[in-house]
Structures are given as structure tokens and as C-alpha cells.
Amino acid sequence: MTQATKIVDPTDERVPLSRTLASRPQHLSGVVALLDIVKPRGDILLDRIEQRLAERVPGLALKRYRKPTFAKPAPDDLRRRIAAESDFVIEALAD
């Protein structure tokens, strides 16, 4: 039996938008970007994720990135750099 996934969006959507999940690869390979949005303890979360991925996926390249502030979206140049240099992104949201 398959179970439906419900995605909850915290933004104000008076008319809900329909969204489709991005396809997921069977295996991780290439370069994974680890983006620290500079919320407290986000770096600790990313340290642990980096450690676990390095242990479980030999040969996977991991690159760290950091936003200047959590209060604003990542600057365009940072987003372009991450997109050009990586295949996947993991963003740390922690407090």
C-alpha cells in the first residue's frame, strides 16, 4: 500500500498551489553542497551530516557554503556558485 505525502507550506496561500516533488536519484554521487544558513547550531547539524555521508558514501564530494545571514535569501552569486559547483544541496535549518 502506498502512502500519500502531504507537503505543508508555511507561507500564506489563500489559494493553495499544486506542487510536484522533484525526482530523487537512486544513489548519491558527484558533489553535495552543504549550505549553512547561519541559524544557531546549523553548523553542528551540517558537521554531523557531513560525517555520516562521508562514512556511508565513499567517493562523494562534500562542499560547505555559508549564507551571510539567515534573515535574507542567499545572494544570487552564492546561489549561482552552488548550482555550478554541485549536484545536490542540503540546507541546515536548526535552532
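Throughout, read-outs are computed from the coordinates displayed, never taken from laboratory work. Here the structure is a predicted model, which means the values were calculated and not measured. Cβ placement follows ideal geometry from the backbone for every residue including glycine, while neighbour counts extend to all protein chains displayed.
A simple spin-label model places the labels of residue 56 and residue 27 1.6 nm from each other, with each point 7 Å out along Cα-to-Cβ. Remark: the residue 15-residue 66 segment gains 15.0 nm on full extension, using 0.36 nm per residue and subtracting the alpha carbon distance.
Give me the percent of Cα-Cα pairs in segment 25-74 that sit more than 16 Å apart, rounded to a whole number. Working shown, then result.
Numbers: 538 of 1225 pairs.
Roughly 44 percent, rounded to a whole number.
Summing charges over all other residues whose Cβ lies under 13 Å from the Cβ of residue 33, with Lys and Arg as +1 and Asp and Glu as -1, gives +2. For the chain, pairs of C-alpha atoms spaced more than 22 angstrom apart make up 44 percent of the total. Only helices enter the 222 nm calculation for the chain: every DSSP H run of n ≥ 4 contributes -39,500 (n - 2.57), and dividing by all residues gives -8500 deg cm²/dmol, rounded to 500. Non-local lysine pairs in the chain, meaning eight or more places apart or on different chains, with alpha-carbon distances under 24 Å, amount to 4.
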